[in-house]
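I have placed the structure first, in the form of structure tokens, so that the comments after it can refer back to it.
The values are calculated or read from the model by the stated rules, or taken from the named source; none is laboratory data. This one's a predicted model, so the numbers in the text were calculated from it and none came from an experiment. Don't worry about glycine lacking a Cβ; one is built from the backbone with ideal geometry, like all the others, and counts go over all protein chains shown. Just the protein is used for accessible areas: all its heavy atoms, side chains included, with ligands, DNA and RNA removed. Shrake-Rupley method; radii C 1.70, N 1.55, O 1.52, S 1.80 Å.
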Amino acid sequence: MSKIQYKPTSKQHRLYEIFNDKETYQVLVGGGAGSGKSYSVCAIIAMLCMQKDGIRLGLARKNYTTLKKT
């Protein structure tokens, strides 16, 4: 199994806990530019996907250059 090198901040760790909460069905993430929102959500999704065999994942952004930057 692959490993993700990810050391979350306390807020990012709380976001991970919320993603694993069975009662939560919607999550909104806010913060300033460069605060790690995109990275955190992508890392959490990747970690959750690695726990399931055969799952496929797509990630999209409005512009390709924006996707590459984040």
Among (1) in a helix (DSSP H, G or I); (2) open to solvent by less than 60 Å² (accessible area, probe 1.4 Å); (3) of a type outside the set (Asp, Glu) - the single one ARG14 does not satisfy: (2)
One residue from TYR16, TYR39 being touching a helix residue (DSSP H, G or I) at 6+ places or on another chain (Cβ under 7 Å) and among the aromatic types (Phe, Trp, Tyr): TYR16
Count of residues meeting criterion [free of Cβ contacts under 8 Å to residues at least 24 places away in the same chain and within 11 Å of the chain's Cα centre (by Cα)] in the range 28-41: 2
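Going by the structure shown, is ILE44 open to solvent by less than 90 Å² (accessible area, probe 1.4 Å), touching a Ser or Thr at 6+ places or on another chain (Cβ under 6 Å) and at pLDDT 80 or above? Spell out how you get there, then give the answer.
Details: open to solvent by less than 90 Å² (accessible area, probe 1.4 Å): yes; touching a Ser or Thr at 6+ places or on another chain (Cβ under 6 Å): no; at pLDDT 80 or above: yes.
No.
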Within the range 1-11, considering residues that are farther than 23 Å from ASP53 by Cα and in contact (Cβ under 8 Å) with a residue 24 or more places away in the chain, the one most open to solvent (accessible area, probe 1.4 Å): THR9
